[in-house]
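Working notes for the structure below.
The values are calculated or read from the model by the stated rules, or taken from the named source; none is laboratory data. It should be emphasised that the depicted structure is a prediction, and the values quoted were computed from it without experimental measurement. Neighbour counts run over all protein chains shown; Cβ positions are idealised from the backbone, glycine included.
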Amino acid sequence: MKDPNELIFTRSTLEAAMATNCGYYHGHSVQERFAVETPILIKALDGLLRDCSIVMDYGIGVGRVTKAILKQYPHLRVIGVDNSDRMLGFARQYIPTEYFDEGQVELYSTQDLKKIGSASIDLILAVYVLMHISERNLETTFDELSRVMNEQGKLYVFNQTGRSVPRENRWGIYRGLRVLTGFLDEISQYKQAQRMLLKVDNRTIFHNDGIDIQKELEKKFRPLHDVPLDSHPLVELLMRRHFSRVYAKRLKISE
């Protein structure tokens, strides 16, 4: 069965796509979150980013994190992965062309993840991604992330403590609502439209399936340490329901 997230996170405009990556949150607009959150996150990851050469942005979306990384760390090469071809197209719009021309960034569909070499990645970033992956796809996802990480590689996760995955029995209803509310994509630069898009998603399709994502992560990866983020009212709100943590690969032999 095709992953419903592919459609859920596909929008018709760049602005609407940005809203699915980092949406309206407790009065903070998409634009405010991009402007405030992104530099705080990059600053917090500075030590990890300086010590690596190849980074994977898993669930790249429009390229919010990748664009900021490439601007500040020109020595890095970034591999962006997403399950939506439309979203990858928006990433090509949002990330400056010169980074593609110079070979600093490559984009892959999640279906093509197997084309990425084993043990080839120094650092994987999974920001606002794992909470949306369905139970049946979690093990495969973690296996693939572990495969592409090198032995000294790290996985950084910024994720909601609860889950937000599609209800498959409401898929038809959601598709219909997305057609009816498609006009919101065209005006998604406005805060009220962003709020309405969030409500459509949260009230019709997403739910908490009860899986403890932190426990699931620890089956495949070893937690190393939490990553504190600079204090800001928006960040303080986020950290009430999110965790920011670095993991290492679990060894195959007894640790």
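Residues of the range 61-105 being among the hydroxyl-bearing types (Ser, Thr, Tyr) and more than 22 Å from Pro39 (Cβ to Cβ), which ones?
Ser84, Thr97
Please list, ordered by first then second residue, the pairs with beta carbon atoms under 6 Å, 6 or more apart or interchain, first in the range 24-46 and in contact (Cβ under 8 Å) with a residue 60 or more places away in the chain, second of a type in the set (Gly, Ala, Ser) and part of a helix (DSSP H, G or I).
Val30/Ala19
Could you tell me which residue of the range 106-122 is surrounded by the fewest Cβ atoms within 10 Å (Cβ to Cβ), considering only residues that are at pLDDT 95 or above and among the aliphatic types (A, V, I, L, M)?
Checked the range 106-122; the qualifying residue surrounded by the fewest Cβ atoms within 10 Å (Cβ to Cβ) is Ala119.
Please count how many residues of the range 96-116 are touching a strand residue (DSSP E or B) at 6+ places or on another chain (Cβ under 8 Å) and polar (S, T, N, Q).
Adding up the residues that qualify gives 3.
Test Glu98 against the criterion of being at pLDDT below 95 and assigned to a helix (DSSP H, G or I), and give yes or no.
No.
Restricting to the range 109-146, name every residue that is among the hydroxyl-bearing types (Ser, Thr, Tyr) and at positive phi.
Tyr128
Is it fair to say Leu88 is surrounded by 19 or more Cβ atoms within 10 Å (Cβ to Cβ), closer than 13 Å to Gly59 by Cα and free of Cβ contacts under 8 Å to residues at least 60 places away in the same chain?
yes
Starting from the range 153-168, take each residue that is more than 18 Å from Asp226 (Cβ to Cβ) and list its partners that are at pLDDT 95 or above and in a strand (DSSP E or B), counting only C-beta distances under 8 angstrom and pairs at least six apart or across chains.
Every condition considered, the pairs that remain are Gly153/Ile121; Gly153/Asp122; Gly153/Leu123; Gly153/Ile124; Gly153/Ala248.
Quickly run through the range 199-219 and pick out the residues that are of a type outside the set (A, V, I, L, M, F, W, C) and either modelled with pLDDT under 95 or farther than 17 Å from Phe158 by Cα (or both).
Lys199, Asp201, Asn202, Arg203, Thr204, His207, Asn208, Asp209, Gly210, Lys219
If you scan the range 209-255, which residues turn out to be surrounded by 13 or more Cβ atoms within 10 Å (Cβ to Cβ) and polar (S, T, N, Q)?
Gln214, Ser244
I need the full set of residues from the range 97-130 which are within 14 Å of the chain's Cα centre (by Cα) and farther than 16 Å from Val65 by Cβ, in order please.
Those that are within 14 Å of the chain's Cα centre (by Cα) and farther than 16 Å from Val65 by Cβ: Ser109, Thr110.
Looking at Gly59, Gly103, which is the one that is in contact (Cβ under 8 Å) with a residue 24 or more places away in the chain, buried (at least 19 other Cβ atoms within 10 Å of the Cβ) and at positive phi?
When all the criteria are applied, what remains is Gly59.
From the set of residues in the range 130-150 that are modelled with pLDDT under 95 and not in a helix (DSSP H, G or I), which is surrounded by the most Cβ atoms within 10 Å (Cβ to Cβ)?
Applying the filter and picking the extreme gives Ile133.
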